[in-house]
Amino acid sequence: MSRLLALTACILLSTAAVAQQAAPAAPSEPAASATKPAAKKKSAKSAPDAAKSDSKTDAKAAAKAEAKTATEANSATADAAKATPAPAPAPAPVAAPAAAVLDPDEFRRQVMEEVRKELQKTKDEVKQETSWVEADSTARVQDSEAVESLKRSVNLFQPHGYFRVRYEFFNDMNLGRGADPSGNTLFPQGFINSGNNKSISDANMRFRFDPTFMISEDIQIHMTADVLDNVLLGSNPQNDPILDQYTPLSLLTSGRAGVPINVKRVWGRVNTQLGEFTVGRMGYNFGLGILHNDGNGLDQDYGDTYDRVAFSLREFKGHRLTVMMDLLDKGASTTGEFGSLGRSVDIDTLDDGYRFALEILRVDTAEEARRKLDAGNWVINYGITVDLRTQRWDTPGQVSSTLGVTGTNINGNTALRANVVQRAAKLYQPDAFFSLRKDKFSFETEVATTFGNVGTRATNDAAITDPTISQPIQFGQVGVALQSALAFMPADALLIGIDAGGASGDKGVYGFGARPWRSGTGGSMGTDAAGQPFNATGPGNIDGPHYNFSNAAHTHGHINNFVFNRAFNIDMILWRNLVSSVTSGWYVKPNARYRPTGRKGGGGDDTGFEVSLGLIYSQAWYAENTPGLALPLGVEGDVGVSYDTADKLHVGVMYGILIPLDGLGNTGTGYSGGDQTPQTGSIAHSVRAMVSMPF
């Protein structure tokens, strides 16, 4: 384009020059007229040269050069006119040869030829540039598709999970009190030399694989599988017959029997314009986790898993509404004659158990919470879920493996019908949590309840007439937990807090109620599923059922003790190992944690050493719920040291000591062979070391 402008300027200037050459000289200026042919020659000579030269420059340079040439020619003519005296008569000037004079048509032709060449050249350049742009656009599309394909291939598989190895040491976990009247102990103990063997130890391991398959940005598949799930190190020896075919010699073993992979959860997630849809077998956690806890912590052993279909609406002003339906039990099923159906088919839907839930959450993401805290604002989160669990009928007995093999009509199978019982169960479980944070202060609490009724605990249709097991059971349970912390020092290096919680007990019944399957020393309650005698709890029993229909008397037809989710751990000895869960009591736990490098939330890096200290006081609500028939349970101190690296390696060791109080003692009463000597509880110790590698 610049060349075209330059040529256009040359055409205009050259045309002006040619017009100046063709103009006649003024008669009153003979001297000037005499010199004009020379000037014309000079001008005519310089014009083509300027045109040829300027065709290769831009318009501005060409115009400047042409103006300079014209100025010099006029100046030379004027000087010559001044310096020359009055002319003497002279012969007439000789006309210049015709070839020396520039023909205007020829000049225009030359200029137009140059213009044509430049136009063609510009056209070729534009064409080349256009083709390059098209090629670049195509390449960009291909690159974009390649990047998207690469992105999908990179994000398709996202591995997560952890590998851990734990060592545990226990000393005098039975508190020196022996067994209760029903023969049960607080904790497993050595049996080879039970009189002197008060210490046991073991180590276990787990590889949890929790990958995500990113089918697309909106479709995901998740899975949780445990490999060697809490398998004891040294277990499952594969013994060769070293001595003879009957005598194993594990001392010389060098192999281990295979252990199957435990696939716990598989579920899918689909994002839509309206919200998120999930389906499959998945974990569930709500609030602090005293009712619903997925057990995904590095040191947890339990966890809730549901077969669920759920839909969550898009957030509205920070709130999210989720509707859930869980299949808790499908009852009896069959695969057809010799597996001819190719899959399991539910025989009857009337024996199915369901959970319907509505959940409303207001939870800030980590980034949103950080922005609010940095601005000095409160971070307020809360949520509520309301559950309805219902089951009209139940088939607790196992379906015969020969069902359908002989062609018997399932609907007419009297043996199958005999295993059906009208359970008539309906339970409600409202659960709410509240979280408050500002600056260096945090507070969280959760309140969960269970109330409703179960029509009968009978295990078959015939037992429905047995008054000892056919009476309805009422539920009325409440659990509360809270956690608080206040940060001190730079980067929140020191955290000091108070945790507390309580689970309702059950007045008028013996035992904690965390293990209701234990048979006690109270009155007969019929037989269990295996046909063995099953008794209510009596004085001094550590645990057992919290209802009592002894001798057909409806003496205690309710269960009011709330049992914390077993994945919710607060200590090392009392609630975690001896009782197995928080129930029928309460606790207060002042605690402190110190990390010299600070914490990520306060500007640190969450790496390096951390020292933790906790002191827990525990007490029962009702004395009859304890084996010692007293309220105080014990004081436990736990201290730990851990080290975390930047690549997420975690190494920790903890020590716990429990000083039992009267509630954990042995009163010596309630034994069938007569009262025994009361035994005061002794101090218990525990050590736990763990190495974990999350990814």
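Only the coordinates and a few stated rules stand behind these numbers; no lab work does. The structure displayed is predicted, hence computed values, not measured ones. Every residue, glycine as well, gets a Cβ built from its backbone with ideal geometry; the counts of neighbours run over all protein chains shown.
Remarks
- Other residues whose C-beta falls under 14 angstrom from the C-beta of Val478 contribute a net charge of -2, scoring Lys and Arg +1 and Asp and Glu -1.
- Cβ-defined net charge surrounding Ala458, 10 Å radius [Lys, Arg +1; Asp, Glu -1]: -1
- Extension gain, Phe277 to Ser672: 0.36 nm times the residue separation minus the Cα-Cα distance gives 136.4 nm.
- Net charge of neighbours whose Cβ lies under 12 Å from the Cβ of Asn230, counting Lys and Arg as +1 and Asp and Glu as -1: -2
- Rounded to whole Hz, the Karplus (6.51, -1.76, 1.60) HN-Hα couplings of segment 109-118, x for glycine and proline: 4, 4, 5, 5, 5, 5, 4, 4, 4, 5
- Annotation: for a label point projected 7 angstrom from Cα along Cα→Cβ of Val687, residues of segment 187-206 with backbone N closer than 12 Å are 200-202.
- Under-5 Å amide H pairs with Lys264, H placed in peptide plane, nonlocal only: Thr224, Ala225, Asp226
- Computed E for Arg362/Asn230 - FRET, C-beta separation, R0 35 angstrom, nearest 0.05: 0.45
- Computed FRET value (nearest 0.05) for Val639 with Arg417, which takes r as the C-beta separation and R₀ as 45 Å: 0.15
- Three-way shape call for segment 550-676 based on the alpha-carbon gyration tensor, with the a/c threshold at 1.5: prolate
- Exposure proxy ranking for His556, His292, His319, based on other Cβ atoms within 10 angstrom of each Cβ and starting from the fewest, stands as His319, His556, His292.
- Normalising the Debye intensity of segment 627-695 to I(0), with uniform scatterers on Cα atoms only, and taking log10 at q = 0.20, 0.22, 0.26 Å⁻¹ returns -0.82, -0.90, -1.05.
- Spin-label model, Ser484/Lys121: points 7 Å from Cα along the beta carbon direction are separated by 8.6 nm.
- Annotation: amide H-H contacts under 5 Å for Gln676 (H modelled 1.01 Å from N, sequence separation of 5 or more, or interchain): Thr669, Tyr671.
- Overall form of segment 420-463 per C-alpha gyration tensor (a/c, 1.5; a/b vs b/c): prolate
- Shape category assigned to segment 332-400 from the gyration tensor of Cα positions, a/c cut at 1.5: prolate
- Hz values of 3J(HN,Hα) by residue in segment 348-357 - Karplus curve (6.51, -1.76, 1.60), Gly and Pro given as x: 8, 7, 6, 9, 7, x, 10, 10, 10, 9
- Length gained on full extension, Arg371 to Thr555, computed as 0.36 nm times the residue gap minus the Cα-Cα distance: 60.5 nm.
- Highest mean packing comes first when the peptides 497-506, 168-177 are listed by Cβ atoms within 10 Å, giving 497-506, 168-177.
- Modelled label positions at Tyr655 and Arg256, each set 7 Å beyond Cα in the direction of Cβ, lie 3.0 nm from each other.
- Under the simplified labelling scheme, the Leu613-Val309 pair shows an inter-label distance of 5.5 nm, with each label point 7 Å from Cα along Cα→Cβ.
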